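> Mind having a look at this structure? Questions to follow.
The values are calculated or read from the model by the stated rules, or taken from the named source; none is laboratory data. This one's a predicted model, so the numbers in the text were calculated from it and none came from an experiment. Here the Cβ is made from the backbone with ideal geometry for all residues, glycine too, and neighbour counts use every protein chain on show.
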Amino acid sequence: MTDEEVTQTPASRKSEQPHFMHPAIFISASVLVGTLFALQEWMNAHRWGYRIGLLFLIGMWGLQFFLWGVIGWLLWRFLRPLIVETRLRYLLTRVLPLSIGASILEEMVWVLFFPRVPVDRPLMDYWHRLSFQLNAEFVDSMAIFWCAFLFLRGVAYYQQFREKERTAARLQVQLVQARLAALRMQLNPHFLFNAMNSISSLMRSDVDAADLMLEQLSSLLRMTLERGEVQLIPLRNEMEFIETYLAMQQQRYSGRVQQKLSVEPELHDALVPALILQPIVENAWVHGLSRCTGDGELSIDIRRDGKRLRMSVVNSGNGLHLEREEASRRGVGLANVRDRLRLHYGERGSLSVRELGSGRVNVTIALPLQLSENGTEEAARFDA
């Protein structure tokens, strides 16, 4: 999520208004309610033996509720703070006078369009008809206003609730991204520190090997910088990083470790958290393989397990107990990976560590299988 998405402009807030509060929809719905009242009155009149034209009734009721629809939408559009105000004094001094004025205005406009109403009385001038209509319909008009006001108030409260939910969701995403960024910042210096130690140890025994490791380290740093803030990357990019790292370690330990990498071909476009394997492989070297008295073994196996992606790293060494002690002293590694899996996937991601015997340790990561549609890093951002 970008800053532009978090900082909303007034225009973007308008786009989040309920769709039914669009003037065309809101006023049309109001006219539909008036039409239903007209149909009800027409049916009752026929039941009682009166002959009143249906179109005439639809015109009267339709205009009345059209006017109330316009008034209600104008209230929503321009007086929303007044709608959500809860103080009784404010309602009595502001909303009550407004309801009286709106009711009188609605009756004034309605009477203007129906000069022959009431039909059972002699023709009257405008002011007499208005007085007659107010005596007959003013209470009903006030009731309509307050019903509309309470409806709009409910909509406003619902909108405030949804806005708070959206704000909380945006803040949660920002918090997750901040935590992930902190973990990444913690991981990169840790890896760099270990790599520089390895190069430093070679400078005294094999300058050419140290020079080659510097080139490989430069490639790793370039890969890291090119990814920027991308959180999920195609598996092929992660494996490119791992293969370069393994080449560095082989250079340092003069080929004493037999390495095996196995990745199912269809998984190269699977999306995984960036640098998710590197700390596990680094732990395998630093806390296991580097302590082997003879030749060591390291295998990385990545395969599909139903709808999940399973990545397994097995290394020989001195067993799990020593690795736990070393990892706790360094404070970086498996805990970092576990935290990132939790932030990305919640309960759907897992990390397990077990000893296989003979000093061999197996670390397995399981996460939901998600394939990149276009195989590019840009499609793999955290908030995509």
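> Report the residue count in the stretch 78-92 for those that are in a helix (DSSP H, G or I) and either in contact (Cβ under 8 Å) with a residue 24 or more places away in the chain or acidic (Asp, Glu) (or both).
3
> Scan (1) charged (D, E, K, R); (2) exposed (fewer than 15 other Cβ atoms within 10 Å of the Cβ); (3) modelled with pLDDT of 90 or more for the single condition residue 116 breaks and write down its number.
In the conditions (1) charged (D, E, K, R); (2) exposed (fewer than 15 other Cβ atoms within 10 Å of the Cβ); (3) modelled with pLDDT of 90 or more, residue 116 misses (3) alone.
> Give the residue, chosen from 49, 101, 59, 72, that is under 39 Å from the mean Cα position of the chain (by Cα) and either assigned by TED's automatic domain parsing to the domain that holds residue 159 or assigned to a helix (DSSP H, G or I) (or both).
One residue alone meets the criteria, 72.
> Has the stretch 248-256 got any residue that is part of a loop (DSSP other than H, G, I, E, B), at pLDDT below 85 and either touching a Ser or Thr at 6+ places or on another chain (Cβ under 9 Å) or of a type in the set (A, V, I, L, M) (or both)?
Taking the stretch 248-256 as the starting set, the residues that turn out to be part of a loop (DSSP other than H, G, I, E, B) are 253-256.
Subsequent filtering for residues that are at pLDDT below 85 retains 253-256.
From what's left, either touching a Ser or Thr at 6+ places or on another chain (Cβ under 9 Å) or of a type in the set (A, V, I, L, M) (or both): 253.
Checking the stretch 248-256: at least one residue is part of a loop (DSSP other than H, G, I, E, B), at pLDDT below 85 and either touching a Ser or Thr at 6+ places or on another chain (Cβ under 9 Å) or of a type in the set (A, V, I, L, M) (or both).
> Among the residues of the stretch 264-278, write down those that are buried (at least 23 other Cβ atoms within 10 Å of the Cβ) and part of a helix (DSSP H, G or I).
none
> If only one of 172, 133, 177 is at pLDDT 85 or above and either touching a Leu at 6+ places or on another chain (Cβ under 9 Å) or not aliphatic (A, V, I, L, M) (or both), which one is it?
Details: 172 fails: at pLDDT 85 or above; 177 fails: at pLDDT 85 or above.
Checking each option against the conditions leaves just 133.
> Can I ask one more? What residue, of 95, 111, is part of a helix (DSSP H, G or I), in the same structural domain as residue 55 (by TED's automatic domain parsing), of a type in the set (A, V, I, L, M) and closer than 16 Å to residue 152 by Cβ?
Only one candidate passes the filter, namely 95.
> Restricting attention to the stretch 297-319, does a residue exist that is part of a helix (DSSP H, G or I), at pLDDT below 85 and either under 31 Å from the mean Cα position of the chain (by Cα) or more than 19 Å from residue 231 (Cα to Cα) (or both)?
No.
> Please work out which residue is nearest to the chain's Cα centre (by Cα), limiting yourself to the stretch 335-368 and to residues that are surrounded by fewer than 16 Cβ atoms within 10 Å (Cβ to Cβ) and among the hydrophobic types (A, V, I, L, M, F, W, C).
The selected residue is 335.
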